[in-house]
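Novice: Starting off with a structure, shown below.
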Amino acid sequence: MPQLSRKIRLVFITQALVASLLVTAGTVIGGAWLAQSVLGSRVTQEATDLWDELAKDPGHPLPRNSILAGYFVPRVNGDDRGVPEAVRALPAGVHTVRGAYRMAYVGERDAGRLYLLMAPTASDRIVSGLSLLAILLSLLAISLVSWLSYRRCKRVVAPVSRLARQAAQWDPQAPDAAVFRVADAADSDRSREVDALSRALDGMATRMAEHMRRESNFTRDASHEFRTPLTVIRMAADLLGAEEGLSVRGQRSVERVSAASRDMEEVLDALLILARDPRLPVEQVEVPVLDIVHDRIQMAREQVRNKPVEVDLAVEAVPELHAPLRVLGVMLGQLLRNAVEFTEAGRISVRVTNDRIDISDTGIGMDEGTLQRVFEPFFRADISKPQAKGMGLPVVQRLADRFGWHLDLSSRPGTGTRASIVFAPRQARARAA
């Protein structure tokens, strides 16, 4: 599961970056506030000491160096021209100013007005250094914790990744449920959730193996057991049809039984093909396209015997088709059966070209909503015909998809429907009609 691992790594990297930004911003802001507080307390203390000295001796010298600069304006004359202009108009209190001196104290008493400027001292540099050190240590700690957490999380997810690889490589044709138990037992860091997932996959694999076995048994049994009675029915119908003195009605019934048993054999072959795994090869032969078309048209003409409907054929080219022998007959028979069911008068036309077979009718047609649903299982466009039989268009569509063909339908209400079986280019080559 490389994608899951990448997502987890991205989550931890994002988390580390966000935490680093927050810690850095917090430390910088906190360090600046701390330095400001220390400097403000220092200048206030210096001003208090200076006021005490001035109270004892009005002529006490004012500090004037790289750290402190003091100015005193007596109340008597009020001459403040020596005070820097930047602080001259400041009210009483502690203020932050620009320049070499960052903090300014302004105090006023009966004797006069005191200005005291203070530059950053060694304590401020210590605060800044500690803030930088705190940032570096915090970033290192965040990176280390994130890396260790990622490694731990990766170890916890590793059993799930191994189970996912086993599931991806698991072959339904040779199901082995033990691979999921082995994958789980090999992980020392597995959790209850991983154990539950392993048991679920184990149970699924066991059920799948049983399902595959039942499906294989059904396919084998159906292929054998269904063919035997169908063969008996067809042979009995042939023998009965050869009896002398059989009435016309009886002869038609025998013919219908024989045709139905033959159709049933073909449908059985088609359904068994669909029941197989698509990856397994299917025996393909050169299909006698025209023979199949003529046979299905003859059956359609029998079905419209009592309707004013004509069934005609136009052969423009004969495709050389390689596919299972009976699939084309099943598909063509179903499409013609639908055309017969829903055409009460007019014409059913079959056209064979180099890459397709078109079946057009002049029946009731379908609207857009019906056309979009005809491939749904058990959907019937005309519920007024409950006697309509056949496996329907969904299975015809599945047969076309199975061999890379395309089933195309177009229809308009009241004008009829056209169905086309379009063969895959690699399977069909044109041959002169």
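Novice: Out of (1) of a type in the set (G, A, S); (2) more than 30 Å from H60 (Cβ to Cβ); (3) at pLDDT below 85, what's the single condition that is false for S138?
Specialist: It is condition (3) that S138 fails.
Novice: Looking at the structure I just gave you, is T24 open to solvent by less than 50 Å² (accessible area, probe 1.4 Å), part of a helix (DSSP H, G or I) and closer than 30 Å to K154 by Cβ?
Specialist: Spelling it out, T24 is indeed open to solvent by less than 50 Å² (accessible area, probe 1.4 Å), part of a helix (DSSP H, G or I) and closer than 30 Å to K154 by Cβ.
Novice: Name the single residue, out of those in the range 385-433 being at pLDDT 85 or above, part of a loop (DSSP other than H, G, I, E, B) and not hydrophobic (A, V, I, L, M, F, W, C), that is least open to solvent (accessible area, probe 1.4 Å).
Specialist: G404
Novice: Right, here's the next one. How many residues are free of Cβ contacts under 8 Å to residues at least 60 places away in the same chain and open to solvent by less than 60 Å² (accessible area, probe 1.4 Å) when one looks only at the range 261-277?
Specialist: 3
Novice: Any idea which of (1) at pLDDT 75 or above; (2) of a type in the set (V, I, T); (3) open to solvent by 40 Å² or more (accessible area, probe 1.4 Å) is the one T228 doesn't satisfy?
Specialist: (1)
Novice: Just give me the residues in the range 117-141 being in a helix (DSSP H, G or I) and hydroxyl-bearing (S, T, Y), in sequence order.
Specialist: S123, S128, S131, S138, listed by residue number.
Novice: Another one. Among the residues of the range 285-312, write down those that are open to solvent by 50 Å² or more (accessible area, probe 1.4 Å) and either hydrophobic (A, V, I, L, M, F, W, C) or in contact with a Pro (Cβ under 6 Å, 6 or more places away or on another chain) (or both).
Specialist: Result: V285, single match.
Novice: What pairs come up if the first residue lies in the range 56-70 and is in contact (Cβ under 8 Å) with a residue 12 or more places away in the chain and open to solvent by less than 80 Å² (accessible area, probe 1.4 Å), the second is among the charged types (D, E, K, R) and not in a loop (DSSP other than H, G, I, E, B), and their beta carbons are under 9 Å apart, counting only those six or more places apart or on different chains?
Specialist: Every condition considered, the pairs that remain are P63/E46; L68/E46; G70/E46; G70/R64.
Novice: For the range 90-116, enumerate the residues that are of a type in the set (S, T, Y) and outside any strand (DSSP E or B).
Specialist: Scanning the range 90-116 gives a single hit, Y101.
Novice: Identify, by number, the condition in (1) modelled with pLDDT of 80 or more; (2) open to solvent by 80 Å² or more (accessible area, probe 1.4 Å); (3) farther than 23 Å from A270 by Cβ that A236 doesn't meet.
Specialist: Among (1) modelled with pLDDT of 80 or more; (2) open to solvent by 80 Å² or more (accessible area, probe 1.4 Å); (3) farther than 23 Å from A270 by Cβ, the lone unmet condition for A236 is (2).
Novice: Need the failing condition index for L246 against (1) more than 30 Å from Q303 (Cα to Cα); (2) at pLDDT 70 or above, just the number.
Specialist: (1) is the only condition that L246 fails.
Novice: How many residues, within the range 330-359, are among the small types (G, A, S) and in contact (Cβ under 8 Å) with a residue 60 or more places away in the chain?
Specialist: Count: 3.
Novice: Scan the range 88-117 for residues that are closer than 18 Å to L39 by Cα, touching a strand residue (DSSP E or B) at 6+ places or on another chain (Cβ under 9 Å) and not aliphatic (A, V, I, L, M) and jot them down.
Specialist: G93, H95, T96, G99, Y101, R102, Y105, G107, Y115, listed by residue number.
Novice: Follow-up question, since we're still on this one. Among the candidates V282, V293, which residue alone is part of a helix (DSSP H, G or I) and of a type in the set (V, I, T)?
Specialist: Criteria check complete, one pass: V293.
Novice: Restricting to the range 313-340, what's the tally of residues that are open to solvent by 30 Å² or more (accessible area, probe 1.4 Å) and farther than 19 Å from R418 by Cα?
Specialist: Final tally of qualifying residues: 4.
Novice: Given (1) aliphatic (A, V, I, L, M); (2) under 60 Å from the mean Cα position of the chain (by Cα); (3) in a loop (DSSP other than H, G, I, E, B), identify the lone condition not met by L144.
Specialist: In the conditions (1) aliphatic (A, V, I, L, M); (2) under 60 Å from the mean Cα position of the chain (by Cα); (3) in a loop (DSSP other than H, G, I, E, B), L144 misses (3) alone.
Novice: Another one. Looking only at the range 89-132, count how many residues are over 60 Å from the mean Cα position of the chain (by Cα), more than 21 Å from R42 (Cα to Cα) and surrounded by fewer than 17 Cβ atoms within 10 Å (Cβ to Cβ).
Specialist: 3
Novice: Restricting the search to the range 79-88, which residues are in contact (Cβ under 8 Å) with a residue 24 or more places away in the chain and exposed (fewer than 12 other Cβ atoms within 10 Å of the Cβ)?
Specialist: Those that are in contact (Cβ under 8 Å) with a residue 24 or more places away in the chain and exposed (fewer than 12 other Cβ atoms within 10 Å of the Cβ): none in the range 79-88.
Novice: Out of the residues in the range 353-377 that are in contact with a helix residue (DSSP H, G or I) (Cβ under 6 Å, 6 or more places away or on another chain) and open to solvent by less than 20 Å² (accessible area, probe 1.4 Å), which is nearest to A314 (Cα to Cα)?
Specialist: Checking each candidate, the answer is I359.
Novice: Collect the residues in the range 341-352 that are open to solvent by less than 10 Å² (accessible area, probe 1.4 Å) and under 24 Å from P288 (Cα atoms), keeping them in residue-number order.
Specialist: Within the range 341-352, I348, V350, V352 qualify.
The values are calculated or read from the model by the stated rules, or taken from the named source; none is laboratory data. Only a predicted model underlies this, so the values are computations on that prediction, with no experimental measurement involved. Note that we place each Cβ from the backbone using ideal geometry, even for glycine, and neighbour counts take in every protein chain shown. In case anyone asks, the SASA skips ligands and DNA or RNA and just uses the protein heavy atoms, side chains included. Shrake-Rupley method; radii C 1.70, N 1.55, O 1.52, S 1.80 Å.
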